[in-house]
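The values are calculated or read from the model by the stated rules, or taken from the named source; none is laboratory data. Treat the numbers as computed from the prediction; the structure is a model and nothing was measured. Ideal geometry is used to build each Cβ from the backbone, glycine not excepted, and the neighbour counts take in all protein chains shown.
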Amino acid sequence: MSRYDRAITVFSPDGHLFQVEYAQEAVKKGSTAVGVRGNDIVVLGIEKKSVPKLQEERTVRKICMIDDHVCMAFAGLTADARIIVNRARLECQSHRLTVEDPVTIEYITRYIATVKQRYTQSNGRRPFGLSALVVGFDYDGTPHLYQTDPSGTYHAWKANAIGRSAKTVRDFLEQNYNEEVASNEDDTIKLTVKALLEVVQSGSKSMEIAVMRRKGSLKILEASEVDKIVAVIEKEKAVEAEKKQKKGKSS
Amino acid sequence: MEFSIGFQGDNFVMLATDSAAVHSIVMFKQDHEKTIKLGSNTIMSITGQSGDTTQFGEYIQKNLQLYKIKNGYEMSTHGMANYTRKQLADALRSRGPYQVNSLIAGYDKNEGCGLYFMDYLASMMKVPFAAHGYGSYFVLSILDRWYRPDMTKEEAVTLLKRCMGELKTRFIVNLPAINVKFVDDEGIHELPPITESEYEKLTL
């Protein structure tokens, strides 16, 4: 088996591209990122890794603006992400220059995915070790959330998570995402925070939430705003727990 | 026959261009916009070879937009002007020089207002007032005599009208209207075009 994972361009006998799969393992080691698509708002949430005491916290940015109406969060190798983000930013402006229209979210996701795929098929290069969640609004106002992975595939999602404990978060989203939540902006933001709280310590210190509305550009929520939302969620949880206890006692 | 003019006032910079789009002996449009927005507080008027103007202008505009997205803040006016000059200079001795003349007007929090004159050979100067085109031969003398650095916006518009009045008298080509914009600390503002009926004849 080890003979087939050295060079990227070689298939294994049972049809695997091992380098791509190892890249996906690298993604699973990265800190969690969550994306939720509402009807009028798209929300990205990321787990903030604790920084060493002497490091400047604000220089670690996992949510990046690609254009006025597109932004992305990633899980995996930060250095690889920087390259992808730069290429995407350039492509957005190039698109505006040639066709005088802003990119659609699908177009820029397809571009990122194509770049990634190219690196899975050329000799001497390794795949990009990151998955990205690309969110934004098209020119006609429709919101989108796309996910790409190191193999170069991309899919549209209503809500998704990548990185560490992605499966846990995705299961939570599957159970709690519905049309009612999507139609209310505050509920969409709350769902993102709730989903992150499944795998992250409570509080604004360990998460960063960013929202994008139809006419606006990316807005990263202040720590105080996040704390407020977390407090509301904790209260709701406490009320739920009390109710359950009472039910348990009475029955 | 294209004409553009710019000058600094009291905490603002005014930029005006003629609005005729001409090809040989035919007038395509009389309300053509020759100024583009480079940022929230900077504009550039571009005159010269048709095609080069749009290509060069949009190229600079999109690259400055990319800078803003990459770095999180816009380039200063000084930076934009020098970037534009460098692009023009690189193209000069290459496969395709851009034959465009431009004026860049902008406002910076740190530097205040600034007007930069740039010609097609990529020479650039920061100046209080400037003009491009045949009209400049007439208008620069008017500005030499009547320009003051502390003009209000109304005085600036009057000065513009008087410059156009001079061109109406002494320039063989008729400029039916000019598009006027100005930049101050609140951003880019557009004034209604000044038409021939409003041109004033300066009386000494």
Failed condition for residue A:26, given (1) in contact with a helix residue (DSSP H, G or I) (Cβ under 8 Å, 6 or more places away or on another chain); (2) under 23 Å from residue A:169 (Cα atoms); (3) part of a helix (DSSP H, G or I), with all others met?
(1)
Of the listed residues (B:62, B:86), the one being over 18 Å from residue B:13 (Cβ atoms) and away from chain A (no Cβ under 11 Å) is B:86
Top-ranked residue of segment B:140-166 - restricted to ones that are over 17 Å from the mean Cα position of the chain (by Cα) and among the small types (Gly, Ala, Ser), ranked as surrounded by the most Cβ atoms within 10 Å (Cβ to Cβ):
B:165
Checking the conditions here, which among A:112, A:108 is buried (at least 20 other Cβ atoms within 10 Å of the Cβ), modelled with pLDDT of 95 or more, in contact with a helix residue (DSSP H, G or I) (Cβ under 9 Å, 6 or more places away or on another chain) and within 14 Å of chain B (Cβ to nearest Cβ)?
A:108
Out of all the residues in segment B:116-128, is one or more among the β-branched types (Val, Ile, Thr), at negative phi and touching a Gly at 6+ places or on another chain (Cβ under 9 Å)?
yes
On the given criteria, is residue A:20 in a helix (DSSP H, G or I), surrounded by 19 or more Cβ atoms within 10 Å (Cβ to Cβ) and within 14 Å of chain B (Cβ to nearest Cβ)?
no
Would you mind telling me which numbered condition in (1) surrounded by fewer than 20 Cβ atoms within 10 Å (Cβ to Cβ); (2) modelled with pLDDT under 95; (3) touching a helix residue (DSSP H, G or I) at 6+ places or on another chain (Cβ under 7 Å) residue B:23 fails?
(3)
Could you list, in sequence order, all residues of segment B:1-30 that are assigned to a strand (DSSP E or B) and within 12 Å of the chain's Cα centre (by Cα)?
B:4, B:5, B:6, B:7, B:8, B:13, B:14, B:15, B:16, B:17, B:18
Sole exception among (1) among the polar types (S, T, N, Q); (2) more than 14 Å from chain A (Cβ to nearest Cβ); (3) without any contact (Cβ under 8 Å) to a residue 24 or more places away in the chain; (4) under 30 Å from residue B:173 (Cα atoms) for residue B:47, by number
(3)
Would you mind stating whether residue A:201 is modelled with pLDDT under 90 and under 20 Å from residue A:74 (Cα atoms)?
yes
Determine which single condition residue B:45 fails, assuming it passes every other condition in (1) more than 13 Å from residue B:107 (Cα to Cα); (2) in contact with a Lys or Arg (Cβ under 9 Å, 6 or more places away or on another chain); (3) surrounded by fewer than 15 Cβ atoms within 10 Å (Cβ to Cβ).
(3)
When segment A:141-185 is checked residue by residue, the ones that are touching a residue at least 40 places away in the same chain (Cβ under 8 Å) and among the β-branched types (Val, Ile, Thr) are A:153, A:162, A:169, A:181
Identify, from the list B:107, B:137, the residue that is buried (at least 19 other Cβ atoms within 10 Å of the Cβ) and over 19 Å from residue B:57 (Cβ atoms).
B:107
Against the definition (out of contact with any Phe, Trp or Tyr (no Cβ under 6 Å at 6 or more places or on another chain) and touching a residue at least 60 places away in the same chain (Cβ under 8 Å)), how does residue B:201 come out, yes or no?
no
What number of residues in segment A:74-105 are out of contact with any helix residue (DSSP H, G or I) (no Cβ under 7 Å at 6 or more places or on another chain), more than 13 Å from every other protein chain (Cβ to nearest Cβ) and surrounded by 16 or more Cβ atoms within 10 Å (Cβ to Cβ)?
4
From the residues in segment B:69-78 that are assigned to a helix (DSSP H, G or I) and surrounded by fewer than 19 Cβ atoms within 10 Å (Cβ to Cβ), which one is farthest from the other protein chains (Cβ to nearest Cβ)?
B:78
Looking at segment A:38-47, is at least one residue farther than 23 Å from residue A:89 by Cβ, free of Cβ contacts under 8 Å to residues at least 40 places away in the same chain and more than 14 Å from chain B (Cβ to nearest Cβ)?
no
